[in-house]
Amino acid sequence: MGPQLGQHGGLAALEAQVARDIALTAHPRMDWMVPRLRQGQPALDVLIVGAGQSGLVTAFGLFRERVRNVLCIDRAPAGREGPWITFARMPTLRSPKDQSGPDLGIPSLTFQAWYEAQFGAEAFAEMSLIPSVQWHEYLMWYRRLLDLPVRNDVEATAIEPGTLDDGGRCLLVTLSTGEVLAARKVVLATGQDGTGEWWMPDFVRNLPKERRAHTCEVAIDFEALRGRTVAVLGAGASAMDNAAVALEHGAKEVHQFCRRVPTMIQQYRWLTFAGFLRHMGDALTSGAGASWATSCASAKASPRIPTTACSPSPTSSCMSSGPGPMRAWKAIASGWRHRAARSTPTMRFAGPACARTCICGLS
């Protein structure tokens, strides 16, 4: 039985505390930026593409710096931004429950404060990890409370350079509505969609659509996997999550294929420390920083053993690249791929795999 909603100080009291904490640290109280125009119309100081957690926190950070002429846009409907209640299939976050971030150092704005105001300190102490759905609810509360400007159901389709009425430079962002917004700066807070592509090998992509899927898809029919054998291509977080969901829905077996020997070493553990990333923007312009970024990209783009072709048959769709046959009704792939590595084959199978459906998430 989960925690019971009750009167533990309540959200109203917490929201009043947040407002006071922000007011006490609001100096200077005037806006930093001078209004600018393009073709006689106000130009945005910052346009943020994406209103998930990174987009929202970026907007709040700008507000704290007295840059308030800001707009977030998101192609998702209101309340459906980000992965937490769409294709993120893990029941909890993997981060420690006391990890901060969106609060930007304001204790009353933390997830813990929000949770304890509703369920009490004892319930938070008993929690092991933050449920994904509650993290999403926290972000929705965060957005509402801070009155962050968001337009939903709209997508940025093109960005090109422009000129303000005073001769200054700007960016012109064309929206899916046909509108063109002028902004002095544009922040792409598009998550993994902005760092690569949701990718699957050609031999998987060429399968009938009902026989393959990618973990980024929202509407995977896991109920159809009941009693079936499933192949999961990849062994990262989303691959593990989808394998677990398949088993929870009654899959007979789930086989995972990994392109390298699995390791328990967390290579990005040091990113936990805020100081590690505080000056990353400066580092990336230096030789050492550029080398570090290149090595991170090449870790995703390094060549692997090429995969072989896949052809559908009347009863199954077979994928083969080595000895040791394995048969599956559906295959699931997980992950994304750096844009610079689109042409590099990365997936390897331990043996032939026969799958009536394939779900991809390869990186």
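The values are calculated or read from the model by the stated rules, or taken from the named source; none is laboratory data. Note that the structure is a prediction, hence the values are computed from the model and not measured. Ideal geometry is used to build each Cβ from the backbone, glycine not excepted, and the neighbour counts take in all protein chains shown.
Considering segment 151-237, the qualifying strands (runs of 3 or more DSSP E), each wholly inside and each with 2 or more residues that are modelled with pLDDT under 95, run over 212-214, 229-233.
Please determine whether any residue of segment 8-23 is in a loop (DSSP other than H, G, I, E, B) and at pLDDT below 95. Yes, because at least one residue in segment 8-23 is in a loop (DSSP other than H, G, I, E, B) and at pLDDT below 95. Against the conditions (1) buried (at least 16 other Cβ atoms within 10 Å of the Cβ); (2) over 18 Å from Gln53 (Cα atoms); (3) among the aliphatic types (A, V, I, L, M), Ile130 satisfies every one except (2). A single member of Leu44, Leu62, Leu14 is farther than 29 Å from Lys185 by Cα, under 30 Å from the mean Cα position of the chain (by Cα) and buried (at least 17 other Cβ atoms within 10 Å of the Cβ), and it is Leu14.
Note on segment 192-208: residues that are more than 30 Å from Val49 (Cα to Cα) and among the basic types (Lys, Arg) total 0.
Residues in segment 80-98 that are among the aliphatic types (A, V, I, L, M) and in contact with a strand residue (DSSP E or B) (Cβ under 9 Å, 6 or more places away or on another chain): Leu93 only.
When we screen Gly61, Gly82 for residues that are in contact (Cβ under 8 Å) with a residue 24 or more places away in the chain and part of a loop (DSSP other than H, G, I, E, B), the only hit is Gly82.
In segment 96-108, the qualifying residues are those that are touching a Phe, Trp or Tyr at 6+ places or on another chain (Cβ under 9 Å) and farther than 23 Å from Ala19 by Cβ, and the one that is surrounded by the fewest Cβ atoms within 10 Å (Cβ to Cβ) is Asp98. Candidates Thr215, Thr229: the one that is in contact (Cβ under 8 Å) with a residue 40 or more places away in the chain, touching a His at 6+ places or on another chain (Cβ under 9 Å) and surrounded by 19 or more Cβ atoms within 10 Å (Cβ to Cβ) is Thr229.
Looking across segment 37-58 at every residue that is assigned to a loop (DSSP other than H, G, I, E, B) and out of contact with any helix residue (DSSP H, G or I) (no Cβ under 9 Å at 6 or more places or on another chain), the one that is nearest to Ile159 (Cα to Cα) is identified as Ala43.
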